[in-house]
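Structure first, commentary second.
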Amino acid sequence: MKTACAYIRVSTDKQEELSPNAQKRLILDYCKKNNYQIMDEYLFIENGISGKKADKRPQFQKMIRMAKSKEHPFDIILVWKFSRFARNQEESIVYKSLLKKSHVEVVSISEPLIDGPFGSLIERIIEWMDEYYSIRLSGEVMRGMTEKALHGGYQSSLPYGYRYDNSHSCPQIYEPEAKIVTIIFDLYNNGKSFLEIARYINLLGYKTKRGAAFEHRTIQYILENPFYKGYVRWNRQHHEDHTIKEQSEWIIAKGQHKAIISESLFDQTQLQLHRRTLPYKAKSANSMSHWLSGIVKCSSCGASLVIKNNRYYQCGKYNKGACADNHYISIKILENIVFDALKKIFNSNEFTFISNDTYKTADNHIQLLTVQLQKMEDKEQRIKQAYRDGIDSLEEYKENKLLLSKEYDILTAALKTINEATAKKQAANEIHSVYDIIKDESFDTAVRASALRSVVDHMVYDKKKDTLKIFLYL
């Protein structure tokens, strides 16, 4: 009696396939009729795994290692069909050749082969047909999923902030998470980094859908996902290694679900993401001849005003004949205009937030912080009760209370700072600090240029109207 093993696999498509139990039953029946013995430890079963790549099948790899080992525990590998062993003809030939050197044969119980060269030929034809079927099926599945995506269909797990419910066919906004999403967009558009936002959300005690802490990449994924503005994105990653495809291959279509973030705020966020990640091609602050170089734009053509003869600024395209409007202005006068504009901002708070969602998200901050403060009261009661019941010692009670007190101070301090008036006050304070630096001639050009760029994206000078518009990062 020969010792055999069984390799049983059901792929993800599950079309024209038998279940694992059905395959097992047929293989065991074949063993009885042909005097083969299979021990339980030699049943290798993989469910929901494609046969395209052998290195993605752990049970298959385990079986191959055992077959090639010195112990040589079985003489034959039984499969329901050759397609269960592999759907890639090249890999099938390689692995069967390796097994043959170890005197292990692969047998399909439903595709008997004749002896001799014609048997090998038939086996190759079967392998070729299996691979062709796999390619054709993959193409049809891809076409079907593409068509569904183009019509705004949903075919992947929902992002943070959405849930399915029984009364609706499309995803619904889940308010407890949606508030976090709005805060993430708000914080990023107010200059916070991915890491700073993650730390803040974790401080509030919130977790991802999988119960994990927020990370740099979690925040980035949320900010880049058009699902939040009401669109479906599909075909973004390669299935095999999850690397990102060329953007031209993505499918983005209008979905049927409600947006959490307005299109204007989402698009503004994408612009900020692009600006912050794009390599800065302009001259570094260290090489600038003046701290305003490159940041003041022409109101007519949008080109930067460039310094000439260390005496005045002029539109970079005007001297080349590409701009019709003269924007000549002396360095000293332009500096004074900038000083006056910034001073007016921090003295009178005369500026507006571009995003209409800014104050709505401030309300969300307040709600979330209030909830966390209410939870703090529950925590305090629990540690008191633990001490009364003798679960915690006096030292443990004191330590827990100290930690709780620190967390309470952080939350209350955050709560005090979140409202329209203080938001503007904080922004004005930042601008005032920058004003003090650029006004102080004891600082070198690089320091003054860097300070200005920490709050100012760009400025637009209109010589005809004698106005200067300042666009802030705030």
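No lab work stands behind these numbers, since they all come straight from the coordinates. Everything numeric in this text was worked out from a predicted model, so none of it was measured. Cβ sites come from the backbone with ideal geometry, for glycine too, and all protein chains shown count toward neighbours.
Between amide H atoms placed 1.01 Å from N, distances below 5 Å from ILE38 occur with ALA4, all of them 5 or more places distant or on a separate chain. In summary, the lysines within cross-link reach of LYS384, defined as a Cα separation below 21 angstrom excluding same-chain residues under 8 places away, comprise LYS375, LYS398, LYS401, LYS406. If R₀ is 60 angstrom, what is the calculated FRET efficiency for the pair SER393 and ILE437, using the beta carbon separation as r and rounding to 0.05? Step by step, r from the Cβ atoms, then E = 0.70. In the calculated pair distance distribution of region 432-474, what percentage of Cα-Cα distances lie above 13 Å? Result for the distance tail: 59 percent.
The alpha-carbon of LYS343 sits under 16 angstrom from the alpha-carbons of these lysines, leaving out residues fewer than 8 places away in its chain: LYS424, LYS425, LYS439, LYS469. Can you give the FRET efficiency for ARG199 and LYS343, using 1/(1 + (r/R0)^6), R0 = 45 Å, r = Cβ-Cβ distance, to the nearest 0.05? Efficiency, rounded to the nearest 0.05: 0.85. Placing pseudo-labels 7 Å out from each Cα toward the beta carbon at HIS290 and GLU111 gives an inter-label distance of 7.7 nm. Sorting 68-74, 261-267, 171-177, 4-10 by their mean Cβ neighbour count within 10 Å, with the most densely packed peptide first, gives 4-10, 261-267, 171-177, 68-74. Here LYS245 is the anchor, and the lysines within straight C-alpha reach of less than 22 Å, apart from those fewer than 8 places off in the same chain, are LYS52, LYS53, LYS56, LYS148, LYS229, LYS254.
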